[in-house]
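The values are calculated or read from the model by the stated rules, or taken from the named source; none is laboratory data. The structure displayed is predicted, hence computed values, not measured ones. A quick note on method: Cβ atoms are made from the backbone with ideal geometry, for glycine too, and the neighbour counts reach across all protein chains shown.
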């Protein structure tokens, strides 16, 4: 049986070999920074251009469902597409990195870590907090705020200057203060 962890190793090694920069985010990153969380998919931000679509399709088409048209559309819109492992039905959501100031900074701060024996690139804890706060501003505030509070509790050595600077720029500084009070 192929596990999500096995597939994560396959996907990240293929992206690394193809020279496609990525960053784990979502529930997998959340599990690294605080309490493990059940997930239905694995979220990754990709820095990808239309010139790399053929390469991306080629490295996954043998054992994953991947729709080339959906990939091209997602790149054009800076949106999301997915690949699905055909044997296990594990889904990877690939989010095309946006070229906004914050998203560029977030991507530049990603960190290379070892997950078991798998080297992966993951969003920094501060940026996961900021992304959750942005989501809380737009939808599911209690759900997202709970995760922010868990990360704040689990990490004593966060870069609070960075957090507060970007929270203000992203207009979520009130939510960050609230989360800090509850953590």
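Checking every residue in segment 156-165 against the condition of being under 20 Å from residue 24 (Cα atoms), out of contact with any helix residue (DSSP H, G or I) (no Cβ under 9 Å at 6 or more places or on another chain), surrounded by fewer than 21 Cβ atoms within 10 Å (Cβ to Cβ) and without any contact (Cβ under 8 Å) to a residue 60 or more places away in the chain gives zero matches.
Return only the number of the condition from (1) farther than 30 Å from residue 166 by Cα; (2) modelled with pLDDT under 95 that residue 42 does not satisfy. Unmet for residue 42, out of (1) farther than 30 Å from residue 166 by Cα; (2) modelled with pLDDT under 95: (1). Counting residues in segment 68-84 that are at pLDDT below 95 and either more than 18 Å from residue 43 (Cα to Cα) or surrounded by fewer than 15 Cβ atoms within 10 Å (Cβ to Cβ) (or both) gives zero. Taking the condition crowded, with 20+ Cβ neighbours inside 10 Å, over 26 Å from residue 10 (Cβ atoms) and touching a residue at least 12 places away in the same chain (Cβ under 8 Å), does residue 106 pass? So residue 106 does not fit the description; no.
Here is a yes/no grid of residues against (1) over 30 Å from residue 149 (Cβ atoms); (2) out of contact with any strand residue (DSSP E or B) (no Cβ under 6 Å at 6 or more places or on another chain); (3) surrounded by fewer than 13 Cβ atoms within 10 Å (Cβ to Cβ):
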position	(1), (2), (3)
14	yes, yes, no
19	yes, yes, yes
46	no, no, no
54	yes, yes, yes
62	yes, yes, yes
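Answer with yes or no whether residue 153 is more than 28 Å from residue 15 (Cβ to Cβ) and either touching a helix residue (DSSP H, G or I) at 6+ places or on another chain (Cβ under 6 Å) or touching a residue at least 40 places away in the same chain (Cβ under 8 Å) (or both). For residue 153, the condition - more than 28 Å from residue 15 (Cβ to Cβ) and either touching a helix residue (DSSP H, G or I) at 6+ places or on another chain (Cβ under 6 Å) or touching a residue at least 40 places away in the same chain (Cβ under 8 Å) (or both) - is met. Which count do you get for residues in segment 36-61 that are closer than 20 Å to residue 5 by Cβ and over 16 Å from the mean Cα position of the chain (by Cα)? Result for segment 36-61: 2. If you go through segment 114-150 and keep only what is closer than 30 Å to residue 13 by Cα and outside any helix (DSSP H, G or I), you end up with 114, 115, 116, 117, 118, 119, 120, 121, 122, 123, 124.
Okay, residues lined up against (1) within 15 Å of the chain's Cα centre (by Cα); (2) under 21 Å from residue 56 (Cβ atoms); (3) outside the structural domain of residue 49 (by TED's automatic domain parsing):
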site: 86; (1), (2), (3): no, yes, no
site: 91; (1), (2), (3): yes, yes, no
site: 98; (1), (2), (3): yes, yes, no
site: 113; (1), (2), (3): yes, no, no
site: 133; (1), (2), (3): yes, no, yes
site: 154; (1), (2), (3): no, no, yes
site: 158; (1), (2), (3): no, no, yes
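Summed over segment 89-124, the residues that are in contact with a helix residue (DSSP H, G or I) (Cβ under 6 Å, 6 or more places away or on another chain) and at pLDDT below 95 give a count of 3.
Tell me, which residue of segment 126-150 that is crowded, with 21+ Cβ neighbours inside 10 Å and in contact (Cβ under 8 Å) with a residue 60 or more places away in the chain is nearest to residue 24 (Cα to Cα)? Per the criteria, the residue is 128.
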